[in-house]
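**Student:** Below are the structure tokens for one structure; questions will follow.
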Amino acid sequence: MPSRFQPRCARPSLMISAVIMLSCSVHSFGQSSSATTAANPPQEKVSDPAAGQSPDTGVHGAIVGTVFDQSGAVVGGARVRLTPQGAPNQGDSSSQDAVSGADGQFSFSNVVPGPFQLTISSAGFASMTLSGILHPGEIYNSAKIALAVAENVTDVEVGVSQTDVAEEEVKIEEKQRVLGVIPNFYVSYAKHPVPLSPKQKFGLAWKTVIDPFTLVVVAGAAGVEQAQNHFSEYGQGAQGYGKRFGANYADTVSGTFIGAAILPVLLKQDPRYFYRGTGSTESRFFYAIANSVICKGDNGRWQPNYSNVLGSLAAGGISNIYYPSQDRDGAELTFENAAIGVGATAIGNIFQEFLIRKLTPKSRRGTDEQ
């Protein structure tokens with residue numbers, strides 16, 4: 001009796017299956033200026049940084065931190081200004097600016113050691129100022145920065161909302177096709193991606209299930225099953241083929257909507273794979289594998305990928321309604337296929353990290369425009 005394979009759900013497997021058939025943050029810091037260091041005369045003493053002088057040792061440091069609100073949620077898009085304190089001849093021109101990413105993190109590199117001040121501001125929150133001393137070669141991790149909600153907001157800031165930014169990301173993702181043909185919608189190449197709204201999650205799922213390539217893959221799978229007489233109770237001829245096509249398409253629709261729309265909306269999880277593209281080959285490899293069981297929440301934090309696992313189980317259970325009775329093998333096969341689905345997700349992520357971007361013409365636009 002042939003066992004059927006349930007589709008993985010959090011990121012639809014159509015594109016990965018087709019590619020296999022064909023072929024088988026640290027955030028960008030963005031500082032515009034780099035502090036330069038002059039060598040000390042041979043006999044000159046280095047001044048004490050606590051006394052207001054930056055030690056001219058030539059060993060720079062870094063400052064990192066994460067911005068939260070008082071509820072503990074990360075704050076993306078917060079502006080952080082780094083200003084050296086007490087150094088002679090250093091005015092506003094020596095200040096550096098950064099913006100916290102979707103995970104709330106910010107970073108400054110090549111910072112001259114000495115006293116410094118951080119000023120953090122974000123729309124709707126009261127500004128916050130922190131001070132500290134950076135020692136040579138140190139990576140200074142600021143304490144948890146929790147912004148308070150502004151009591152009296154008098155300024156009206158006109159800008160682009162996160163929903164608008166996400167909409168632009170989705171428009172780019174909907175144009176991503178491997179070799180210009182195979183849908184690659186569920187991958188984000190943006191440097192600082194923002195979470196999708198519920199409407200956008202359902203829209204991306206709908207776009208996937210009605211895509212012509214999806215219908216071609218489903219039709220091909222039904223043809224193979226008919227040729228091998230899988231699910232023999234369906235019979236042969238046009239009627240048998242129609243039943244096989246309907247069952248395969250029902251698998252695709254239920255898997256896509258449950259794992260990439262319904263559960264991600266209810267659990268506030270993002271169904272996309274976030275391309276890393278930097279770091280060692282080993283770190284990228286394990287990042288890709290890990291993303292089969294973890295995902296980003298809408299709050300920007302990594303968490304267990306319940307949408308993928310539960311979506312596979314739910315789709316498998318639902319399929320027992322319309323598959324022939326002799327092929328309904330109960331809970332054991334459903335759990336087995338869910339595990340296979342997680343493994344397929346891991347393999348697909350490895351393809352995404354090392355191969356598929358090179359074969360996706362529109363992908364670079366998604367990164368460069370952010």
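**Student:** Ordered by packing density, taken as the mean number of other Cβ atoms within 10 Å over each peptide's residues, highest first, how do 111-121, 291-301 rank? Walk me through the numbers on the way to the answer.
**Tutor:** Values: 111-121: 20.8, 291-301: 19.3.
Result, highest mean Cβ count within 10 Å first: 111-121, 291-301.
**Student:** Regarding segment 61-136, what are the three Cα extents along the principal axes, ordered largest first, in Å?
**Tutor:** Principal-axis extents of the Cα atoms in segment 61-136, largest first: 39, 21, 17 Å.
**Student:** Got a sec? Charge dipole of segment 184-315, +1 on Cβ for Lys and Arg, -1 for Asp and Glu; which of ALA261, PHE274, PHE285 is way out at the positive end?
**Tutor:** PHE274
**Student:** Shifting gears a bit: Counting Lys and Arg as +1 and Asp and Glu as -1, each charge on the Cβ, what is the dipole of segment 99-256 about the Cα centre in debye, to the nearest 20?
**Tutor:** On the way: 10 positive and 15 negative charges, 87 e Å.
Rounded to the nearest 20 debye, it is 420 debye.
All of the numbers you see were taken from the coordinates with simple rules; none came from a lab. This is a predicted model, so every value here is computed, not measured. Using ideal geometry, Cβ is built from the backbone for each residue, glycine included, and neighbour counts are taken over all protein chains shown.
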